[in-house]
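The structure appears below as structure tokens.
All of the numbers you see were taken from the coordinates with simple rules; none came from a lab. Everything numeric here is computed off the predicted structure, so don't read it as measured data. For neighbour counting, all protein chains shown are included, and Cβ atoms are generated from backbone atoms with ideal geometry for every residue, glycine included.
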Amino acid sequence: MPEDIITPEVEKTLLETFAKELKGEVTLHVFTKKGHNDQFNDVLINLVQGVARIEKRIKAFYHQIGDADSARFKVARSPSLLISPDKYNIRYTGAPLGEEGRSFIAAILMAGSGRDFLEQESRNRIKKLSVHRDVMVFVSPTCPYCPQEAIYAISAAIARPDVVSAEIVEIYENLDLAEEHAAMSVPKTYINGELTASGLEPEHDFISSLLAGEPAAFAGPIQAEQPPSEKENRDFDVIIIGAGPAGLSAAVYAGRSGMRSLVLEKANVGGQVSITPVVENYPGFQQIAGKTLVDQMLRQAAQYARIKQGVAVNDIRAEGNNGKLEIIASDGIYHARAVIIGTGASYRKLGVPGEDRLAGRGISYCATCDGYLFKDSKNVMVIGGGNTAVTDALYLDGIGARVTLVHRSKDVRAEDRLKQVLFQRNLPVLWETKVVEFIGEKKLDKVRVEDINGQNRRDMKMDGVFIAVGYAPQSALAKEIGIDLTLEGYIKVDDRMRTSMPGVYAAGDITGSEKQITVAVAQGTIAAITAFEDLTKKTVR
């Protein structure tokens, strides 16, 4: 059994957090069965013992599956963890390790206070729920997007314990359950057994899915009357859309310039960097995990700006002739004197038969999120030849998968350092090869490949595929509001990050610049400084 699952640094943080935030007693019930996931049984017991040792108001109980309590609470999988089961229907099926430790601590705080982590408008909406909802979220320890989706589910179970249950399922420890639900990528959310979301969704959409029992369709912003204090909180000097390196850097410089700032992020803070296993080209760090780098950026930005996750922006328009902009978001309407768009770019698809149908069923675009499922010598294919593809291949090889790289050219485009490591590890590479079809019924079974000249077609049996063939700009908002775009769909900016729409700036990958963290940080900085200078000139005039 591991002795250091809670390090001294983590213990100090938990002590401070529980002392400040925990309001009442919480019971943790651990269920295990010898011979089933023994390694994870021991880890979960160790984790719960450590948390209970730190805080006396956390009471731990340990059960064997097959006893009266497991029958009472209908627990059949080992390990399982129930949180205050006499009050709430919240369970972890599998140990909440890695990234999921965040949602575990959040669940303890919520159960100890009876207070969920939802926005007030979401609380008002969930009061209307009159039918039972079983929410199941599939997660993995390496997925940075999963904890927030899990927190939505747990919050709903806290807010409405009479009709909502939340189950957080670790896919690797429950492979049969993951395969049964075709949940081969994370996070995936099911409500009453029906798939409602693949990936992290905005809070507004989660609540809509919960109320409807089916995937949410955007129907415009919430038109709720805001009390004076809330209305005041929706008026800012600058609103930054996107919390990647560009957006977070803009937040720091906007705040330091004295501007009242808000960052709105519809998914996860950090963007592509948060799912990059290792960053080796950011000044000041010889080597650092992408998630760690993002967390440091976030802590700094949070000192200067308010940051909201799970909020999508759907429109920006001029507010009369007063020089202000109206920002229509999924949680209501905001007002600002300037807007900085840093929405970045998303994964580009191959566009071959079977890709959409098997996405999340063996086909993935995020090795950090979904690679954990294939770590035990499973056969996986990485498609692409740039930095991301080679980084993904090395990461998957490092966790124990059997990796084959497929690339259309004779050489990879990755940096020399990455190429060197790739060749040192002697990973198999199919040069001048393209994928023409993905084959499988309920999940991926084979990948059909051929030479780039259309010869030598063959099928390769694969457990998983990771596609890394570049990015497509997240420019739907810019296109909707009429901002000038390049032929490739990126936002056109001048050398000071101004767009064609007065008061609106852009920074980072969305501008079509080099896909580098340093470039995004620089552009975010310039955008914030330019916005400050432009607003200052307006004020003087």
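Expected output is a single nm value to one decimal: the length gained when fully extending between N192 and D376, i.e. 0.36 nm times separation in residues minus the C-alpha distance. What is it? Don't skip to the answer; put the middle values down first.
Details: separation 184, 0.36 × 184 = 66.24 nm, distance 3.12 nm.
This chain segment gains 63.1 nm when fully extended.
How would you order 368-376, 289-297 from highest to lowest mean count of nearby Cβ atoms within 10 Å? Walk me through the numbers on the way to the answer.
Numbers: 368-376: 22.0, 289-297: 19.1.
Most protected by this proxy first, the peptides run 368-376, 289-297.
When only C-alpha pairs under 8 Å and at least 6 residues apart count, what is the relative contact order of region 355-469, in percent? Before the final figure, lay out the partial values.
Details: 244 pairs, mean separation 38.7, N = 115.
Relative CO of region 355-469 lands at 34 percent.
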- What FRET efficiency comes out for the pair D38/K479, r = Cβ-Cβ distance, R0 = 60 Å, nearest 0.05? 0.65
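Report, in order of residue number, the helices in the chain meeting two criteria: a C-alpha extent of 27 Å or more along the helix axis, and a mean Kyte-Doolittle hydropathy of at least -1.0; treat each whole DSSP H run as one helix. Walk me through the intermediate numbers first.
Numbers: long enough: 517-540 (35 Å, 0.81).
Answer set is 517-540.
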- quick shape note, region 12-94: Cα extents on principal axes in Å, largest first -> 37, 27, 16
- Spin-label model distance (nm) - K12 vs D356, 7 Å beyond Cα toward Cβ: 5.2
- Charge context of M297, other residues only, Cβ under 13 angstrom, K/R +1, D/E -1: 0
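Assuming 0.36 nm per residue, please report the length gained on full extension of the stretch N233 to V436 beyond their Cα-Cα distance.
Values: separation 203, 0.36 × 203 = 73.08 nm, distance 5.15 nm.
Result for the pair: 67.9 nm of gain on full extension.
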- Note on the structure: Within region 275-404, the percent of DSSP beta bridges that are antiparallel, given to the nearest 5, stands at 75
- Query: By how many nm would the segment from R425 to Q455 grow when fully extended, if each residue of separation counts as 0.36 nm and the alpha-carbon distance is taken off?
  - Reply: 7.9 nm
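State to the nearest 20 debye the size of the charge dipole of region 1-134 about its Cα centre, where the only charges are +1 on K and R beta carbons and -1 on D and E beta carbons. Intermediate values should be presented prior to the final figure.
Working: 21 positive and 19 negative charges, 151 e Å.
Roughly 720 debye, rounded to the nearest 20.
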- region 355-469: Cα Rg divided by the 2.2 N^0.38 Å rule of thumb: 0.98
- Task: Report the calculated FRET efficiency for K20 and L487 (r = Cβ-Cβ distance, R0 = 41 Å), to the nearest 0.05.
- Result: 0.20
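When the expected Rg is taken as 2.2 N^0.38 Å, what fraction or multiple of it is the alpha-carbon Rg of region 465-522? Each step should come with its number before you reach the end.
Working: Rg = 12.2 Å, N = 58, 2.2 N^0.38 = 10.3 Å.
Against the compact-globule rule of thumb, the ratio is 1.19.
For a quick check: sort S165, S155, S475 by the number of other beta carbons within 10 angstrom, fewest at the front.
Details: S165 18, S155 26, S475 23.
Listed from fewest to most nearby Cβ atoms, that is S165, S475, S155.
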- Here FRET efficiency (C-beta to C-beta, K74 to Q286, R₀ 56 Å, nearest 0.05) is 0.65
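Might you report the magnitude of the Cβ-based charge dipole of the chain about its Cα centre, with Lys and Arg at +1 and Asp and Glu at -1, to the nearest 20 debye?
On the way: 64 positive and 70 negative charges, 93 e Å.
The dipole magnitude comes to about 440 debye.
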- Query: Taking only the alpha carbons of the chain, what extent do you get along each of the three principal axes, in Å, biggest first?
  - Reply: 76, 67, 44
- Cβ-based exposure ranking for E119, E9, E214, in which fewest neighbours within 10 Å come first: E9, E214, E119
